[in-house]
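Right, one structure below, let's go through it.
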Amino acid sequence: MKTSEAAMLYANLGIKPPADIAAPGPEYVRGTRRKVVDGIEFRSTLEASTYQLLSLWRTAGLISGLECQPRYLVAPKITHYEGQRLKKCIRQITYRPDFRFERDGRQFVIESKGHWTEAARLRVKLFRAKYPQLVFEEWNRERLKEATRIGL
């Protein structure tokens, strides 16, 4: 049962929900809908459409090594500061772009987004600073249409 479904059930019964489901997060963000393609669940139709195009390119031999949501460490966990152990460690920061593939001996990282949050922009800045050797591309609907027309 999803959090939103549980919250709705409590509301229908007229019972105050527990704190962890009192304020459920959105099932989608900015009008996106989850979609399943080839047994893989994507967070948006844009991401699913991007995967379909990249999968087609992989089948045609234009790209290789297609991966969905690879994980990159952009800032390590901090346990000590100025020689002193912290009471509470500072979590590591990771970035998970939508896709990674190889073409012409270079690695490409694709982020397909229709709406950017400040947190997402910050993670991308940290990612680009730490991994300058990777080609980073932001894909939106227009870029996807362009890639579909020209092939690469």
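The values are calculated or read from the model by the stated rules, or taken from the named source; none is laboratory data. Values in this document were obtained by computation on a predicted structure and should not be read as measured data. With ligands, DNA and RNA removed, areas are computed over all heavy atoms of the protein, side chains included. Shrake-Rupley method; radii C 1.70, N 1.55, O 1.52, S 1.80 Å.
Residue by residue, the stretch 91-98 carries 3J(HN,Hα) couplings of 4, 6, 10, 10, 10, 10, x, 5 Hz when phi is fed to the Karplus relation 6.51 cos²θ - 1.76 cosθ + 1.60 (θ = phi - 60°); x denotes Gly or Pro.
Ordered from largest to smallest accessible area (heavy atoms of protein chains, 1.4 Å probe), the residues I150, I90, I40, I110 come out as I150, I90, I40, I110. Between C68 and A11, the contour length at 0.36 nm per residue exceeds the Cα-Cα span by 16.8 nm. Taken one residue at a time, the phi angles of the stretch 137-148 give Karplus couplings (6.51, -1.76, 1.60, θ = phi - 60°) of 10, 9, 10, 10, 4, 5, 5, 5, 4, 4, 5, 5 Hz. Gly and Pro are set to x.
Please give every one of the lysines within straight-line cross-link reach of K77, meaning a C-alpha to C-alpha distance under 27 Å, and leave out same-chain neighbours fewer than 8 residues apart. Filter leaves K87, K88, K125, K130. Residue separation of F136 and A60 scaled by 0.36 nm, minus their Cα-Cα distance, works out to 25.1 nm of gained length.
Under conditions of 25 °C and 0.890 mPa s, the stretch 51-115 yields 171 µm² s⁻¹ as its translational diffusion coefficient, taking Rh as the Kirkwood radius over Cα pairs in the Stokes-Einstein equation. Pull out the extension gain between L86 and E41, defined as 0.36 nm times the separation in residues minus the alpha carbon to alpha carbon distance; nm, one decimal. Extending this stretch completely gives an extra 12.3 nm. Mean projected area of the Cα convex hull of the stretch 82-152, taken over all directions, amounts to 7.0 nm². Backbone geometry of the stretch 71-76 corresponds, through the Karplus equation with coefficients 6.51, -1.76 and 1.60 at θ = phi - 60°, to 3J(HN,Hα) couplings of 9, 10, 8, 9, 8, x Hz, x marking Gly and Pro. Give me, ordered by chain and number, the residues 5 or more places off A75 or on other chains with an amide H under 5 Å from its own placed amide H. Here I93 satisfy the definition. Taking amide H atoms as placed 1.01 Å from N in the peptide plane, the amide H of Q69 lies under 5 Å from those of F99, R100, each 5 or more residues away in sequence or on another chain. The residues T117, T148, sorted by heavy-atom accessible surface at 1.4 Å with ligands and nucleic acids left out, run T148, T117 from largest to smallest.
For the stretch 24-152, the gyration tensor built on C-alpha atoms gives a prolate shape. Its axis ratio a/c (a ≥ b ≥ c) is at least 1.5, and a/b is the larger of a/b and b/c.
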